[in-house]
There are 2 protein chains.
Amino acid sequence: MAPPSFLRPLTRSRLSGEIEGILLEGIIGGKLRVGEKLPTERELAADLDVNRSTVRAALGKLESLELVEIRHGDGVYVKDFRRSSNLELILALTRMDEHQRDSVISSLLRLRTIFGPDMAFLASQNRTDDHLRSLREVIRESRLSVLEKDILVHHVIALASTNVLYLLLLNFFNKFMFEYGYLYFEDPENARRSVLFHREIYQALKGKNGRKARKIMEDVMKFSEDAVAGRLKKQDHAGR
Amino acid sequence: MAPPSFLRPLTRSRLSGEIEGILLEGIIGGKLRVGEKLPTERELAADLDVNRSTVRAALGKLESLELVEIRHGDGVYVKDFRRSSNLELILALTRMDEHQRDSVISSLLRLRTIFGPDMAFLASQNRTDDHLRSLREVIRESRLSVLEKDILVHHVIALASTNVLYLLLLNFFNKFMFEYGYLYFEDPENARRSVLFHREIYQALKGKNGRKARKIMEDVMKFSEDAVAGRLKKQDHAGR
DNA sequence: AATGGTCCAGTGGTCGGGCCACCCAACCAC
DNA sequence: GTGGTTGGGTGGCCCGACCACTGGACCATT
């Protein structure tokens, strides 16, 4: 049984997460300069009135985001976030700065349009019968929304492509889809289009037709990129 | 003064890092199944004969890698690493499994060949005079090795493209370059080729010549992809 | 002057033990 | 069934302490 759609999964909050957010804002916002030394863990703990271990948890996360460098016996230093390679940081950016959100989404869609067709091509060449079966099951499954189906279809294609980078990038896109997918799927016409796409790409993979797979994916990516871009522009005009 | 080249930067080890590695191997290696509940923090601490806070640090990192899900009041559960979107995981994979290393490098080079040209195109359209100046400085700077120059040149191009995703992906590639760049640059002919490339792409960006920028990058990417692929194949044949 | 050794205050890493917030399953009352 | 209660077990956080490591000051040697 699917839960009512108006219930979004809410996130548990941790105290360390709040601290993480504060420091993250300081770094991204430029209040903490690159190379600058942060206050010591003991100082931060005292200033924030929390325990040192809580501060350490927050700093550990920031280290994972490649925003700080922790040097044993020395201190914690701010790194250049523009040199980070952590995709999670992108998500944090969009949630922080409303203005940058659209820019990120555009960048994201462009990248997808660029590598999607190649991924489809590789999938058509490397797919196994297992992949086909998974695709069939997803497409048939009536309990899933079109958005959910779309995510799963792309996931199978990424798996079939045998390119781990493509798979990983797609996993990242899917996170975005959960948050912003409505921008595309709220239009029933777009939803219909996706259902059609699922059937077509399935046939192309089944027939190992690389050229066709590439073309189908290219069309879908370009279309959705334009659609969302237009959607954002309209929202932007209305907003101000 | 540049340090002697035979000195590679060595990594400080943390106890929590070791624990992280053990659990990571268990998850990637399949010994811990998806959805499985890990032993409690207290149990792990007792079994490994370390403090619970050390175990928590390790689990925190695994959470950042999206390999486990920590549920307050419940336990820690194994997630499907094929659904992770953390690029750091890819690096961990290559360092763990010698066999998968080549596969990852191939995937990486393919992705780069796919999006590199578009990145160059965007850079040629959006570059500012500041970008050009940075490029000039990097190309001229005689104290840098060709590898270091190449990394910086690409970084400036990524910055100029204004696509945050391209920038981030390139940052990731650069990490690989530090570890595996020798596969390409140990051949002096390839190094010469790169120097030439730097000059050409600079001219294309200067003239805002999108078509040319795209073409130049495409040629370089394809060439290096083939070169490294051939290099890996040869090494593979010799190795067994 | 330059080099290398020693020491020391400060910092992050680990330890141990404790309490709190939360989850879950079992049980109970209706 | 349904909803409320209870209790054991889990992760989150706290406290205080010690260990491992760094950087700088100081000193002895060359």
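Any read-out appearing in this document is the output of simple, stated calculations on the displayed coordinates, not a laboratory observation. In this text, all values refer to a predicted model and were calculated from it rather than measured experimentally. Because the Cβ atoms are built from the backbone with ideal geometry, glycine has one as well, and the counts that use them run over all protein chains shown.
Rounded to the nearest 10 degrees, what's the angle between the helix A:15-28 long axis and the longest principal axis of chain A, both from Cα atoms, 0 to 90?
Here the helix axis deviates by roughly 90 degrees.
Nothing charged except the Cβ atoms of Lys and Arg (+1) and of Asp and Glu (-1): what's the magnitude of the dipole of the stretch A:97-239 about its Cα centre? Round to the nearest 20 debye.
660
In a Gaussian network model over chain A where Cα atoms closer than 10 Å are linked, find which of A:207, A:30, A:73 has the largest mean-square fluctuation.
Sorting by GNM fluctuation, first place goes to A:73.
Report the semi-axes of the equivalent ellipsoid for chain A in whole Å, largest first, where each axis is √(5λ) for an eigenvalue λ of the Cα gyration tensor.
In descending order, the three semi-axes are 40, 20, 18 Å.
Can you list the lysines whose alpha carbon sits under 17 Å from that of residue B:212, skipping same-chain ones fewer than 8 residues off?
Of all the lysines, those that pass the test against residue B:212 - Cα under 17 Å, at least 8 places apart if same chain - are B:222.
Quick one: dipole size for chain A, taken about the Cα centre, charges +1 on Lys/Arg Cβ and -1 on Asp/Glu Cβ, in debye to the nearest 20.
860
Return the loop-located GluC sites (Glu not before Pro) in the stretch A:95-152 (DSSP other than H, G, I, E, B) with at most 16 other Cβ atoms within 10 Å of their own Cβ; answer none if there are none.
A:141
If you place +1 on the Cβ of every Lys and Arg, -1 on the Cβ of every Asp and Glu, and leave all else neutral, what size is the dipole of the stretch A:15-83 about its Cα centre, to the nearest 20 Debye?
In debye, rounded to 20, the stretch A:15-83 gives about 200.
What FRET efficiency, computed as 1/(1 + (r/R0)^6) with R0 = 51 Å and r the Cβ-Cβ distance, is obtained for residue A:223 and residue A:12, rounded to the nearest 0.05?
The formula returns an efficiency of 0.85 here.
Rounded to two decimals, what is the ratio between the C-alpha radius of gyration of the protein assembly as shown and 2.2 N^0.38 Å?
Scaled against compact globular proteins, the figure is 1.01.
Name the most mobile residue of B:46, B:120, B:57, meaning the one with the largest mean-square fluctuation, in a Gaussian network model of chain B with Cα contacts below 10 Å.
Per the Cα network of chain B with a 10 Å cutoff, B:46 tops the list.
How big is the gap, in Å, between the Cα center of the stretch B:182-235 and the Cα center of the stretch B:67-118?
26
When only DSSP loop residues count, what trypsin sites (Lys or Arg not before Pro) in the stretch B:89-165 have their Cβ near at most 15 other Cβ atoms within 10 Å?
B:143
Cα atoms only, the stretch A:123-240: Rg and Dmax in Å?
Reported Rg and Dmax, both Å: 14.8, 52.
What residue among B:167, B:38, B:109 shows peak mean-square fluctuation when chain B is described by a Gaussian network model with Cα springs under 10 Å?
B:38
Give me A:195, B:55, A:138 sorted ascending by neighbouring Cβ count inside 10 Å, so fewest comes first.
A:195, A:138, B:55
HN-Hα J couplings of the stretch B:45-61 from phi, Karplus 6.51/-1.76/1.60, θ = phi - 60°, integer Hz, Gly and Pro as x?
Values per residue, Gly and Pro as x: 4, 5, 5, 8, 6, 10, 7, 4, 5, 5, 4, 4, 4, 5, 4, x, 5 Hz.
Report, to the nearest 10°, how far helix A:146-161 tilts away from the longest principal axis of the Cα atoms in chain A, using its own Cα long axis and a range of 0 to 90°.
Approximately 90 degrees, to the nearest 10.
When the helix-only estimate is applied to the protein assembly as shown (DSSP H runs of n ≥ 4, each -39,500 (n - 2.57), divided by the residue count), what is the mean residue ellipticity at 222 nm, nearest 500 deg cm²/dmol?
-23500 deg cm²/dmol
If I take R0 = 22 Å and measure r between the Cβ atoms of residue A:49 and residue B:53 in this structure, what FRET efficiency does the formula 1/(1 + (r/R0)^6) give, to the nearest 0.05?
Result of the calculation: an efficiency of 0.65.
Any chance you could give the angle, 0 to 90 degrees and rounded to 10, that helix B:210-239 forms with the longest Cα principal axis of chain B?
In chain B, helix B:210-239 runs at an angle near 50 degrees to the longest axis.
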